[in-house]
Amino acid sequence: MSILPIIYLVYMFITLYFLALFLTIYSVNRKNIFSYPVPKKKYSVSFVVPAYNEGETIADTLEHIFNIDYLLEEVIVVNDASTDNTLEVLEKLKDKYPKLRVITHKKNSGSAAASQNTGLKAAKSELVAVVDADSYPSRDSIGKMVGFFNDEKVGAVTCPVVARNTDIFIEKLQAIEYKVIAFSRKLLDYVDAIYVTPGPLALYRRKALLEIGGFDEKNMTQDIEATWNLTAHGWDRRMSLSANVSSTVPSKFKEWYRQRRRWNVGGLQCIYKYKSYLFSSRKGSAMLGFFIVPFFIFSTFLGLVGLSIWAYLIARRVISWSLYTKYTIVASTPLLTLEDFYITPNFLNYLGVVLFLAGLVFTLVILAILKEKILMRENLLNIPFYMLIYISFYPFIMLGSIWHAVRGKKIWR
Amino acid sequence: MEILKSQKHVFWEAFLVTILIFAIGVIAGVIFENWRANKIDYLYKESEITLSDIRAQGEIASSLPLDCGEAISQNIAFADRIFKEAELLSRYEGAQTLTEQINLEHKKYDILRALLWSNSIALKKKCKADFHTVVYIYDYNEPSMDTKAKQGVFSRILAELKEDKGQEIVLIPFAGDNNLSSVSLMMGLYNVSESELPVILIDEKTKINELGTVEEVEKFLK
């Protein structure tokens, strides 16, 4: 057997493994997947919202935060020296919301993490909810998250991020992606493998965040880094699938690409920072060393190898075709005949189709479980596109991200 | 947390499930490829019987006057038949990933084609027949991209030639680098070496190594 079928089989095995892993976890926990603990006490909660030029969205975000049906201690907005009307809007809202505190940086810090750290230092509560300025927590979100802190070892609780804007094609694809991510993350929760508590809404135990030194201001995905850091310090992370926060997703390909690149570069920074944890069973952080770090390294490596093979096959096909065309011209024979359209699928093609269908069913099941009836109806064609085309972009973005990271460009956007 | 910790066994469970499903998939793949190989093998056996029949006919009737018209028409029909079977063989070969069985079928067919060639030469001598033998000897084992492209065009030229000339030619394509002594012997007899493949040999006299048009090849048939 030649090397390429072996590589295909390895990829298929890995895909099948993750599918089997998720299905196994789901089958064991399907009855309590949406459940959340009732809080044993009244936890005090401070909100921290980093804001840089968020004049257009900050009022909406604050309205959603103050509408949450949980008594909040305070809402701290850290204005990172915005150059638009953010500060003006905030000053006006102070009268409407007496619990609103505004802290303004004199100089722009260039990172959301710095603003989050400022907010963290100023916060007084036992729990700190960090919210992006363009994200909108649901009314019942905090009530469905705080109970997880009954367990003293829990340092952070996350919830699903849903796409707020789903009008155009790229937004709809992201809506599907966010659902798949949220569901998968909940499944990872059962094996203590949550690797990120995303920025749109994450609830932290203040003590835990202070113990790890707050958010890493040099990391482009401070939410991933904070989660890894908490894991490294032995703190557990949990996910409440019943709560949610909606966030505005990129509407243009360029914005989407930049966002993904930032996520990837942040992930690479995390891999570099936590490389010493690889296959290390330090107390309380075994999951970091045996699952999270290897998973990130492995998926980066697999994406790049897959991309290289794809590029190699395309190059071969192009060269073959150009040679064939050249000789066809010499011999005056037709370039294409009916025979060229006759496809004889091999066994790997059939296996690939089976795996694709399994993935498709898994995605549909996720949308059905999450009761996304509208999303399912509207996306009967979008789902195959998401699985065949959208996901195929990931390795390309990873390549762009590595190039970006090598050139040392770190931009918070 | 204790409950959660106890769930980590799912990593192993999923691994075992994956191995099981994967093994079933690979076994299904091997069965599938063997089924294709068996299909080819069945066709091969039928062809083998036909050729043996043709050759036996010649042997038995060696002392009797041979019905040349019938023998030639059987020979050409047989050549056409294994040419068509070669197309199916080639498609299945391209779709083979796990097993090597079809490669073996290819070798068996190569021997059959060498026999057909030898039979065609004998028939031409015996019956003073006016059909042409067009033997196409190609590079089978890992040809370069350039050779592969060239061979693709050679095949197309020969398919067009067969379409134009029909019963006037016996078209015999076979691999020249499969380490088969009968094939090597035939190639040696007509001065064809492995290094010059692909080659078209017309009536055991004219060797064509360079690509040309169908019309240019047809000129050698006159």
Among residues of region A:220-248, those that are surrounded by fewer than 23 Cβ atoms within 10 Å (Cβ to Cβ) and over 26 Å from A:Y190 (Cβ atoms), counted: 1
query: Any residue at all in region B:71-88 that is closer than 30 Å to A:L348 by Cβ, touching a residue at least 12 places away in the same chain (Cβ under 8 Å) and either more than 14 Å from chain A (Cβ to nearest Cβ) or assigned to a loop (DSSP other than H, G, I, E, B) (or both)?
result: yes
statement: Going through region B:170-189 in order, the residues found to be under 22 Å from B:A122 (Cα atoms) and crowded, with 16+ Cβ neighbours inside 10 Å are B:V170, B:L171, B:I172, B:P173, B:F174, B:A175, B:G176, B:L180, B:V183, B:S184, B:M186, B:M187
statement: Within region A:189-205, the residues that are within 11 Å of another protein chain (Cβ to nearest Cβ) and out of contact with any strand residue (DSSP E or B) (no Cβ under 6 Å at 6 or more places or on another chain) are A:Y190, A:V191, A:D192, A:A193
message: Looking only at region A:276-319, how many residues end up being among the charged types (D, E, K, R) and either away from every other protein chain (no Cβ under 14 Å) or surrounded by 16 or more Cβ atoms within 10 Å (Cβ to Cβ) (or both)?
response: 1
statement: Considering region A:79-91, residues that are out of contact with any strand residue (DSSP E or B) (no Cβ under 8 Å at 6 or more places or on another chain) and closer than 14 Å to A:T57 by Cα, and then whichever is surrounded by the most Cβ atoms within 10 Å (Cβ to Cβ), we arrive at A:V89
query: Counting only residues that are under 16 Å from B:C127 (Cα atoms), at pLDDT 75 or above and not acidic (D, E), which one in region B:47-79 is surrounded by the fewest Cβ atoms within 10 Å (Cβ to Cβ)?
result: B:G69
field: Condition check for A:L351: in contact with an Asp or Glu (Cβ under 9 Å, 6 or more places away or on another chain) and either under 29 Å from B:A37 (Cα atoms) or modelled with pLDDT of 90 or more (or both)
entry: no
message: Going through B:E13, B:E46, B:E33 one at a time, which residue ends up being within 8 Å of chain A (Cβ to nearest Cβ), within 27 Å of the chain's Cα centre (by Cα) and either charged (D, E, K, R) or not in a helix (DSSP H, G or I) (or both)?
response: B:E33
query: Is it true that some residue in region B:97-118 is within 13 Å of chain A (Cβ to nearest Cβ) and surrounded by fewer than 13 Cβ atoms within 10 Å (Cβ to Cβ)?
result: yes
message: With the structure loaded, tell me whether B:I27 is touching a strand residue (DSSP E or B) at 6+ places or on another chain (Cβ under 6 Å), at pLDDT 75 or above and over 30 Å from A:K186 (Cα atoms) or whether it fails that test.
response: no
field: Top-ranked residue in region A:384-400 [being within 17 Å of the chain's Cα centre (by Cα) and more than 15 Å from A:L302 (Cα to Cα); ranked as modelled with the highest pLDDT]
entry: A:Y390
message: For region A:320-357, which positions are at the interface with chain B (Cβ under 8 Å from one of its Cβ atoms) and touching a residue at least 60 places away in the same chain (Cβ under 8 Å)?
response: A:L348, A:L351
message: Restricting to region B:144-191, give me the number of residues that are touching a residue at least 24 places away in the same chain (Cβ under 8 Å) and within 11 Å of chain A (Cβ to nearest Cβ).
response: 9
task: Could you check region A:123-178 for strands (runs of 3 or more DSSP E) lying wholly inside it with 3 or more residues that are more than 16 Å from the chain's Cα centre (by Cα) and either more than 14 Å from every other protein chain (Cβ to nearest Cβ) or more than 18 Å from A:E211 (Cβ to Cβ) (or both)?
output: A:127-130
- request: Quick one: B:E142 ticks every box in (1) on the phi < 0 side of the Ramachandran plot; (2) surrounded by fewer than 21 Cβ atoms within 10 Å (Cβ to Cβ) except a single one, so which number is it?
  value: (1)
query: Applying the selection to region B:192-221, what residues are of a type in the set (S, T, N, Q) and within 14 Å of chain A (Cβ to nearest Cβ)?
result: B:N209, B:T213
query: Does region A:366-382 contain at least one residue that is surrounded by 16 or more Cβ atoms within 10 Å (Cβ to Cβ), at pLDDT 85 or above and within 14 Å of chain B (Cβ to nearest Cβ)?
result: no
task: Identify, from the list A:I58, A:I76, A:I65, the residue that is touching a Lys or Arg at 6+ places or on another chain (Cβ under 6 Å) and buried (at least 18 other Cβ atoms within 10 Å of the Cβ).
output: A:I76
- prompt: Any chance region A:270-286 includes a residue that's closer than 26 Å to A:V406 by Cα and touching an Asp or Glu at 6+ places or on another chain (Cβ under 8 Å)?
  reply: yes
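The values are calculated or read from the model by the stated rules, or taken from the named source; none is laboratory data. Note that the structure is a prediction, hence the values are computed from the model and not measured. In this analysis, Cβ positions are derived from the backbone assuming ideal geometry, glycine residues included, and neighbour counts consider all displayed protein chains.
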